[in-house]
1. Does residue B:171 satisfy the criteria of being surrounded by fewer than 16 Cβ atoms within 10 Å (Cβ to Cβ) and either modelled with pLDDT of 85 or more or assigned to a loop (DSSP other than H, G, I, E, B) (or both)?
2. Of the conditions (1) under 16 Å from residue B:244 (Cα atoms); (2) more than 12 Å from chain A (Cβ to nearest Cβ); (3) touching a residue at least 60 places away in the same chain (Cβ under 8 Å); (4) part of a helix (DSSP H, G or I), residue B:269 fails just one. Which one is it?
3. Of all residues in region A:71-108, how many are out of contact with any helix residue (DSSP H, G or I) (no Cβ under 7 Å at 6 or more places or on another chain) and more than 25 Å from residue B:249 (Cβ to Cβ)?
4. Pick out the one residue from A:5, A:16 that is touching a strand residue (DSSP E or B) at 6+ places or on another chain (Cβ under 8 Å) and either assigned to a helix (DSSP H, G or I) or more than 8 Å from chain B (Cβ to nearest Cβ) (or both).
5. Would you mind finding the one in B:319, B:338 that is modelled with pLDDT of 90 or more and either within 12 Å of another protein chain (Cβ to nearest Cβ) or under 27 Å from the mean Cα position of the chain (by Cα) (or both)?
6. Here is a check on your reading of the model: is residue B:111 over 30 Å from residue B:179 (Cβ atoms) and touching a helix residue (DSSP H, G or I) at 6+ places or on another chain (Cβ under 6 Å)?
7. Within region B:140-167, count every residue that is modelled with pLDDT under 90 and under 16 Å from residue B:196 (Cβ atoms).
8. Looking only at residues that are more than 14 Å from chain A (Cβ to nearest Cβ) and surrounded by 21 or more Cβ atoms within 10 Å (Cβ to Cβ) in region B:232-255, which one is farthest from residue B:114 (Cα to Cα)?
């Protein structure tokens, strides 16, 4: 099970992306849980996830989000704005899988 | 033209994003905003329903409910009317989440401290609830925010300091937590009570009679000029420009401006609910300016559905559903509007024009001023009717604004479409040529 947190503003528009990612996950037969939350809720929950994604409209909070993710040892990335705009769950899922595989490689190398 | 657009968006990214982002990233602003959205909004919305029932828009119904009016208003007064109390909890709680400390204790303490700060230090058994009620709602928001922030910060400081009561490691963690909180709780309670006692020893003249001063009354008097200034055309203009400047660089503008201005908007709205004529309120922006999402982008979605550009058609299809509920991230990041120097012009200009028209319309009383708060996701047409407490001219105003938006966006949309179509054709041609090349190579 891959647990993804998407840090966003009010979770209204991100919930559409979440739906689309879950559909894409079913098609790829991978177990996925995605939660969209505000930056405050994220701070309280960062330990209970595998990957952190940042919605483009709050990228001004990127630095503090990345710092927290780094201290918890979680991979983190900004969602490509155009993928966010077109609610392209498949592309964002690819991004999640890529993030996970690259961190695992990093761990194996060290 | 295309490369000029790219160059200037680099410039925006470098010089405009950092200062705006720093403003938007303040932990205190984020905590206040979260508190409003998560803790007070459901209560305010549910409470507003009773306000509408008590003041139905149809005269015949209004006559019918007159004798039950005060009874119907009770749930309104104890939800909407107590929003500052819940906000005190919410701010302390949300800030504690950002600070990664236990949130419930500061939340509950902030509520208690807020109550202490709002009551005159006197024989409480003789206190009339009606005298303090306004300061537990719209008029107490500033006090609630300050107390919420202070509570969490003080408790956090104590938790790490040597002034905490320490217990042996064998004591269960829940017991330890209660004792850890004891010192800051006692100190804060004493401090706020002492301050309130001092303030209560002063009187002011209300309705020709002397009355005891309290912290919220004092702060409201100090900030009254600011509340008045906020409810003006220049302030409305400043707020909408700031919102759209932030969105223009791809930052959630409403999110930022709301955190600063919402106490004022709600305070003015509470005055309207009591029969006042304030204009610059939350619905003034969310319901009457951001038609189809920030920037009033509804007409763009319609244009996109029939566009000659494949990119815009794709975005249009995705954007249609969310637009009905005033969500427009697909438009903002898909057209894109953000960091697009061409589309940024109408993206700011359209809301500014609409705000100007609406301010004038509300000012001369052509449409009833907003009295009811609703989620920003209520569709266009319905929301204008509800916000004004049942004035059909509220919906008409929204449709008029929509037409204005459609008119201003059109030439900019066409220009952007031309650029995209040229790009798409160039890309297709390149693909075709490279395809031919490979064919030749294969032969």
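1. Answer is yes for this residue.
2. Tallying (1) under 16 Å from residue B:244 (Cα atoms); (2) more than 12 Å from chain A (Cβ to nearest Cβ); (3) touching a residue at least 60 places away in the same chain (Cβ under 8 Å); (4) part of a helix (DSSP H, G or I), residue B:269 fails exactly one: (1).
3. 16
4. A:5
5. B:319
6. Judged against the criteria, residue B:111 is not a match.
7. Qualifying residue count, region B:140-167: 2.
8. Among those residues, the one meeting the criterion is B:240.
The values are calculated or read from the model by the stated rules, or taken from the named source; none is laboratory data. Quick caveat, the model's predicted, so the values are computed rather than measured. So basically every Cβ, Gly included, is an ideal-geometry build from the backbone, and we count neighbours across all protein chains shown.
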